[in-house]
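The next block holds one structure in the form of structure tokens; read it before the comments.
The values are calculated or read from the model by the stated rules, or taken from the named source; none is laboratory data. On a predicted model such as this, the values are computed, not experimentally measured, just so you know. Cβ: placed from backbone, ideal geometry, glycine included. Neighbour counts: every protein chain shown. Note: areas computed on protein heavy atoms with side chains; ligands, DNA, RNA excluded. Shrake-Rupley method; radii C 1.70, N 1.55, O 1.52, S 1.80 Å.
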Amino acid sequence: MESSKKDNNYIWYPFTQMKTSDAPIHIERAKDCTLYAADGKEYIDAISSWWVNIHGHSNETIANAISQQTKTLEHVIFAGFTHSPAIELSERLINILPDHFAKIFFSDDGSTSVEVAIKMALQYWHNQGITNKTKIIAFENAYHGDTFGAMSAGAKSTFNAAFQKHLFEVTHIPVPKKNNIDSSKQQLSELAKDDTVTAFIFEPLIQGAGGMLMHEAKYLDELLSVAKEKNIICIADEVMTGFGRTGKNFAIEYLQNKPDIICLSKGITGGFMPLGVTATSQKIFDVFYADEKEKTFYHGHSYTANPLACAAANTSIEILTSNDCQQRIQFICKQHTEFVTTIKDHELIKEVRQQGTILAIEFNTKEDTSYFNSIRNKLYEFYLNNGVLLRPLGNIIYIMTPYCITEAELNKIYDVITQSLAYLKTA
């Protein structure tokens with residue numbers, strides 16, 4: 001049976017209406033920034049395949065590290081046992097995170113790293129006999145994942161409409177900006193006045209799936225100051241922004257006020273293996289460190305701290321922190337900034353937003369800005385037909401390439417985007 005028929009018979013794809021969507025493109029192999037399809041076509045992966053392949057595809061150094069690890073230990077239960085790749089990875093992460101982080105908790109992916117963080121925050125107060133702090137605050141337009149706690153923290157949308165009756169209550173406040181910072185701080189203070197808020201969870205600087213919406217660090221800092229004053233645990237969801245995306249290793253490095261907990265995934269293994277991490281300050285950990293067994297954090301996954309994933313992550317971080325990779329990150333930032341000047345005043349461009357290596361372009365359309373804007377499919381098909389994988393969020397496109405991308409490849413992406421402006425005027 002040919003692969004396309006097998007595909008239709010057996011696979012149910014994510015974020016895909018199986019009845020109406022086009023057949024998926026069969027990729028046979030990939031190298032660096034290029035995807036090679038079974039029909040002979042090639043595509044520049046301008047989104048790092050859902051933001052994970054920070055060092056490109058089939059990175060030989062990471063592949064070799066995984067290969068070597070398979071020869072000694074592929075997996076072992078992570079309760080009552082440990083292993084060197086996990087110990088090494090924990091140390092590496094603590095060394096590159098801001099100084100106050102002290103402990104690393106492993107899970108499977110971004111959503112689970114958020115679930116872990118929310119559960120830690122709730123149990124932090126429970127372990128101290130404080131039962132009134134149960135409220136959670138998040139931003140409007142937030143996205144934190146697709147498991148139940150993560151969906152609860154996210155904005156209400158079509159994606160989670162079927163589950164609304166089953167989600168716990170979370171209060172959503174506007175992202176702080178110049179025109180609303182005072183009211184945002186006032187709203188947070190008002191919500192916290194009766195001392196019932198457990199945690200404030202946020203995506204620092206960029207709300208990814210919400211439309212690559214960006215806000216300035218200085219205004220987020222002001223909001224975090226209020227949260228700290230009100231004794232609220234602060235959780236930074238850096239599943240997307242972590243590992244160099246914003247121009248620094250972590251978006252929270254732009255902040256003066258640091259969170260108590262940070263959630264990490266996506267780029268952590270360079271796209272090779274699923275892995276989630278929730279890092280905490282010593283303050284959080286100490287409340288669980290007790291003689292009473294009921295104060296234990298009873299959470300775990302079958303593949304927690306899988307040695308192969310840890311080996312991949314260790315090598316990915318080693319590459320990330322090299323001078324070569326850091327220079328590549330700054331090169332991408334510079335190239336994006338220069339490209340912005342060539343398109344920002346175009347009549348079809350509503351807004352261009354950039355933070356580090358992430359560039360978002362919002363198109364002017366007759367419809368409102370929305371994930372379901374009809375321009376999405378036109379743009380997606382145009383980019384694929386021109387050899388570039390860009391996956392629009394409705395009328396918003398974004399570039400989030402692997403760091404190994406060449407100048408020629410970046411220029412092709414820019415050229416195809418520019419061509420799409422002309423295409424839209426005639427479509």
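In region 1-93, which GluC sites (Glu not before Pro) are in a loop and have at most 13 other Cβ atoms within 10 Å, using DSSP for the loop call?
Values: sites: 2, 28, 42, 60, 74, 88, 91; in loops: 2, 74.
Those that pass, being in a loop and sparsely packed, are 2, 74.
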Original post:
Label residue 408 and residue 177 with points 7 Å out from Cα along Cα→Cβ: what is the distance between them in nm?
Top reply: 4.1 nm
**OP:** Please state the charge dipole magnitude for the chain, taken about the Cα centre, from unit charges on C-beta atoms (+1 on K and R, -1 on D and E), reported in debye and rounded to the nearest 20.
**Re:** 460 debye
Original post:
Just how much of residue 131 is accessible, in Å², when a 1.4 Å probe is used and the result is rounded to the nearest 10?
Top reply: 110 Å²
Original post:
So how far apart, in nm, are the two label points at residue 225 and residue 77 if each is 7 Å from Cα heading toward Cβ?
Top reply: 5.0 nm
Original post:
Given just the C-alpha atoms of region 206-362, how large is their convex hull per residue in cubic angstrom?
Top reply: 154 Å³
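In the chain, carbon and sulfur make up what percent of the accessible area (probe 1.4 Å)?
Ligands and nucleic acids excluded, carbon and sulfur reach 50 percent.
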**OP:** Choose one of 254, 213, 307: the residue whose Cα lies farthest towards the positive end of the charge dipole of the chain (beta-carbon charges +1 Lys, Arg; -1 Asp, Glu; about the Cα centre).
**Re:** 213
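Considering only the other residues whose Cβ falls under 14 Å of the Cβ of residue 419, what net charge follows from Lys and Arg at +1 and Asp and Glu at -1? Could you put the intermediate results ahead of the total?
Numbers: positive: 378, 412, 425; negative: 381, 415.
That sum, taken over residues with Cβ under 14 Å, equals +1.
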Original post:
So what's the net charge close to residue 356: Lys and Arg +1, Asp and Glu -1, counting the other residues with Cβ under 13 Å from its Cβ?
Top reply: +3
Subject >> Most to least accessible of 124, 254 (protein chains only, probe 1.4 Å) >> reply: 254, 124
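Largest first, what is the accessible-area ranking of 57, 26 with a 1.4 Å probe? Mind showing how you got there, number by number?
Numbers: 57 20, 26 90 Å².
Largest accessible area first, the residues go 26, 57.
DSSP loop (so not H, G, I, E, B), at most 16 other Cβ within 10 Å: list which trypsin sites (Lys or Arg not before Pro) in region 324-410 pass both filters. Each step should come with its number before you reach the end.
Values: sites: 328, 334, 344, 350, 353, 366, 376, 378; in loops: 344, 366.
The qualifying sites are 344, 366.
Select from the chain the helices, each a whole stretch of DSSP H, whose alpha-carbon atoms run 20 Å or more along the helix axis and whose Kyte-Doolittle mean is at least -0.5; answer none if there are none. List each step's numbers first, then the result.
On the way: long enough: 110-126 (24 Å, 0.19); 323-343 (31 Å, -0.47); 407-426 (29 Å, -0.09).
Passing helices, by number: 110-126, 323-343, 407-426.
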**OP:** Towards the positive end of the charge dipole of region 75-214, with charges on Cβ (+1 Lys, Arg; -1 Asp, Glu), say which of 155, 124, 144 has the farthest Cα.
**Re:** 155
**OP:** With a point put 7 Å past each Cα toward its Cβ, work out how far residue 296 is from residue 147 in nm, to one decimal.
**Re:** 1.9 nm
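Taking region 1-108 on its own, what percent of its Cα-Cα pair distances exceed 25 Å?
Values: 2814 of 5778 pairs.
Roughly 49 percent, once rounded to a whole number.
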Original post:
Using helices alone, what [θ] at 222 nm do you get for the chain, with -39,500 (n - 2.57) per DSSP H run of 4 or more residues, divided over all residues and rounded to the nearest 500?
Top reply: -11000 deg cm²/dmol
Original post:
How big is the convex hull of the Cα atoms of the chain, per residue, in Å³?
Top reply: 162 Å³
Subject >> Hydrodynamic radius (Kirkwood) for region 90-132, which is based on Cα pairs only, to one decimal in Å >> reply: 12.0 Å
**OP:** Note the full-extension length gain between residue 87 and residue 190 as 0.36 nm times their separation in residues minus their Cα-Cα distance, in nm to one decimal.
**Re:** 32.8 nm
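Work through the residues other than residue 260 whose Cβ is under 10 Å from its Cβ and net out their charges, Lys, Arg +1 and Asp, Glu -1. Working shown, then result.
Working: positive: 228, 258, 283; negative: none.
So the surrounding residues net to +3.
For the pairs 103/133; 119/258; 228/350, note any where the Cα-Cα span goes beyond 31 Å. Walk me through the intermediate numbers first.
Details: 103/133 23 Å; 119/258 19 Å; 228/350 36 Å.
Beyond 31 Å between Cα atoms: 228/350.
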